[in-house]
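The values are calculated or read from the model by the stated rules, or taken from the named source; none is laboratory data. This is a predicted model, so every value here is computed, not measured. No Cβ is skipped: glycine too gets one built from the backbone with ideal geometry, and neighbour counts run over all protein chains shown.
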Amino acid sequence: MTDVRRRDLIAASLAAATVIIGANSALAGPRKSWKKPAAPAIRRHGKATPKPKIIVLDAGHGGKDPGALGVHGTQEKRVVIKVAHYLQGQLQAGGRYRVVLTRTGDTFIPLRERVARAEEVKADLFLSIHADSHPDSSVRGASVYTLSEEASDREAEALAARENACDLATLNLSRHTDRVAQTLVAMSQRGTVNDSRRFAETIVDTFGKNGVRLLRHSHREAGFAVLTSPDIPAALVELGFLSNRYDEKLLTVARHQAALGRALQASVDAYFAAASATRKA
Ligand SMILES: [Zn+2]
């Protein structure tokens, strides 16, 4: 299926999902006609301005790199691009955000290039979207990750190693460790560490409120290469486990993909609402 046709189908099923959900409005939100947002170059950091916030959505993997594989052969790269497209549509429908995707089709983009794209457009927020796999097929649920030099636990460390491994050709691993350390120093100075953690906690909260099944210890930390921009609050979400047949089934259902998109949209809204409430206080 071509990208254009897939986008049309996604737009059509998104409209249908909005009608079905109806009064469950916190997530459905008003649908307005889409207005082309202003160019990012004239945006300034840190000032209250009506200009749309710039959100970079990073659908993991792509092209030669399928990512995690499901019990029934579902490829992570295909699931996450669909959720990214749903989320893009939902965020842009309100006119408050400009959304940039690091990949729009089935292409391989090195991790450093994904970070560079977010920096290029001076993103206000970066969200990397993934689906996991686990040797224990009973493990289920979503989880959210932020950057840390030391992983919060061995599973998070192994996950970061797997996600980074898709790009060993351009990622120099010994330099990567230094880069994570340097990024974290810069992030602490600029408040980006706390903002990233707050964003991750907001996603966990919103998922919980909207019945999205969560992994225990839902917010974890590790040295993800794709989260290494010092200026941009960033999190990586694993939407579930393709190695679990229930999660795999859910992740391939358009209605569930749209619901995940709505929960992530609510997380982005809540993140910026809390930030502007803090500024006003
Ligand atoms: Zn992944």
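One table, with the values for the structure above:
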| quantity | calculated |
| --- | --- |
| Residue satisfying condition, being within 15 Å of the ligand (Cβ to nearest atom), touching a residue at least 40 places away in the same chain (Cβ under 8 Å) and part of a helix (DSSP H, G or I), within set 131, 118, 156 | 156 |
| Matching residues in the range 89-103 - criterion: being in a loop (DSSP other than H, G, I, E, B) and either of a type in the set (A, V, I, L, M, F, W, C) or closer than 17 Å to residue 64 by Cβ (or both) | 102, 103 |
| Residues of the range 229-243 that turn out to be outside any strand (DSSP E or B) and either away from the ligand (no atom under 16 Å from the Cβ) or surrounded by 24 or more Cβ atoms within 10 Å (Cβ to Cβ) (or both), as a count | 6 |
| Which numbered condition residue 108 fails, given (1) among the aromatic types (Phe, Trp, Tyr); (2) over 18 Å from residue 254 (Cβ atoms); (3) away from the ligand (no atom under 14 Å from the Cβ) | (3) |
| Every residue from the range 78-105 that is among the hydrophobic types (A, V, I, L, M, F, W, C) and more than 13 Å from the ligand (Cβ to nearest atom) | 87, 91, 93, 99, 100, 101 |
| Those residues of the range 53-76 which are outside any strand (DSSP E or B) and either at pLDDT below 95 or not acidic (Asp, Glu) (or both), in sequence order | 60, 61, 63, 64, 66, 67, 68, 70, 71, 72, 73, 74 |
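Per-residue answers, yes or no, for (1) surrounded by fewer than 20 Cβ atoms within 10 Å (Cβ to Cβ); (2) touching a Ser or Thr at 6+ places or on another chain (Cβ under 9 Å); (3) within 24 Å of residue 241 (Cβ to Cβ):
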| residue | (1), (2), (3) |
| --- | --- |
| 111 | no, yes, yes |
| 124 | no, no, no |
| 136 | yes, yes, yes |
| 146 | no, yes, yes |
| 159 | no, yes, yes |
| 164 | yes, no, yes |
| 179 | yes, yes, no |
